[in-house]
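This report refers to the structure that appears directly beneath it.
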Amino acid sequence: MASLALGLAVSGEPIQALRLLLIAYAMDVLDGWVARRTGGSSREGLLLDRAIDRFSQVVVPFTIYVANFHDAYKGVELAILLLYFSMLSTTAFYRLVYRIVWSLEYFAGLPLFIHSVVMVSSVIAGSPLPPHLLLVLALATVAPIPYMRRLGARRGGPSPAPLLRLVLLSVLAIVPYDNTIVQWAVRLLLVASIAYAALGYIPPLLARKKRVQHVTV
């Protein structure tokens, strides 16, 4: 389904592509929940799922973003945008090949799904982002900085509230984007994602400092 979304974006239908991508995200949430409930996950299936995630979290949303805001970036800004994508995609597939997972508590750098949220929210809001901001987000993903995984989940356990995410993605796939409530919601989501990028590394650093102090004492 993400491939179909990519085709729509290339064909000049970014909003329709975005809706299809959101449905694909919802199906991915549902698929992961069923796999964990039935014990149907395997090492090979996990690797395939991670590869598909790289495609749907980086390549497709970026293509939709560019298709929707193709007139917003010129010259140096366009070059920065392309640099952003090259850094993001190279890091994503490098970590896939080498299976880099620091721990079950922390992400190795700013997680890819934050970029998906940022680009999707920006398209729905109709507001292109400054290319320098995107570049900073890419640097946070490339850098070996631990980011907290989630709040309210068991250590190493699955993401919390899959039903909530499923409903949210499904609703965003069908609602009119010129609705005032929708606009406020996606802008809040965009701000929350950028706030996580700016502050999400602090809890792991404090926890590491606390462990070091405990050992020295």
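Quick one: is Ile202 over 16 Å from the mean Cα position of the chain (by Cα) and at pLDDT below 90? Here the answer is yes, as Ile202 does meet what is asked.
At pLDDT 90 or above, out of contact with any Gly (no Cβ under 9 Å at 6 or more places or on another chain) and either surrounded by fewer than 20 Cβ atoms within 10 Å (Cβ to Cβ) or among the basic types (Lys, Arg) (or both) - does that describe any residue in the range 48-65? Yes.
Can you tell which of Leu88, Leu96, Leu110, Leu78 is at pLDDT below 95, in a helix (DSSP H, G or I) and surrounded by 21 or more Cβ atoms within 10 Å (Cβ to Cβ)? Break it down into steps so the answer makes sense when it comes.
Values: Leu96 fails: surrounded by 21 or more Cβ atoms within 10 Å (Cβ to Cβ); Leu110 fails: in a helix (DSSP H, G or I); Leu78 fails: surrounded by 21 or more Cβ atoms within 10 Å (Cβ to Cβ).
Step by step, each of Leu88, Leu96, Leu110, Leu78 is checked, and only Leu88 is at pLDDT below 95, in a helix (DSSP H, G or I) and surrounded by 21 or more Cβ atoms within 10 Å (Cβ to Cβ).
Among residues belonging to the range 172-197 that are over 16 Å from the mean Cα position of the chain (by Cα) and not in a loop (DSSP other than H, G, I, E, B), point out the one that is nearest to Arg19 (Cα to Cα).
Of all residues in the range 172-197, those over 16 Å from the mean Cα position of the chain (by Cα) come to 173-185.
Adding the requirement that they be not in a loop (DSSP other than H, G, I, E, B) leaves 173-174, 180-185.
Details: Ala173: 4, Ile174: 7, Thr180: 18, Ile181: 18, Val182: 14, Gln183: 15, Trp184: 18, Ala185: 16 Å.
Selected residue: Ala173.
Within the range 113-144, the set of residues being closer than 10 Å to Ala197 by Cβ, exposed (fewer than 15 other Cβ atoms within 10 Å of the Cβ) and among the polar types (S, T, N, Q) is empty.
Of the residues Leu169, Leu188, which is surrounded by fewer than 13 Cβ atoms within 10 Å (Cβ to Cβ) and of a type outside the set (Val, Ile, Thr)? Spell out the reasoning first.
Working: Leu169 fails: surrounded by fewer than 13 Cβ atoms within 10 Å (Cβ to Cβ).
After ruling out the rest, the residue left standing is Leu188.
The values are calculated or read from the model by the stated rules, or taken from the named source; none is laboratory data. Computed from a prediction, not measured in an experiment: that's the story for all the values here. Using ideal geometry, Cβ is built from the backbone for each residue, glycine included, and neighbour counts are taken over all protein chains shown.
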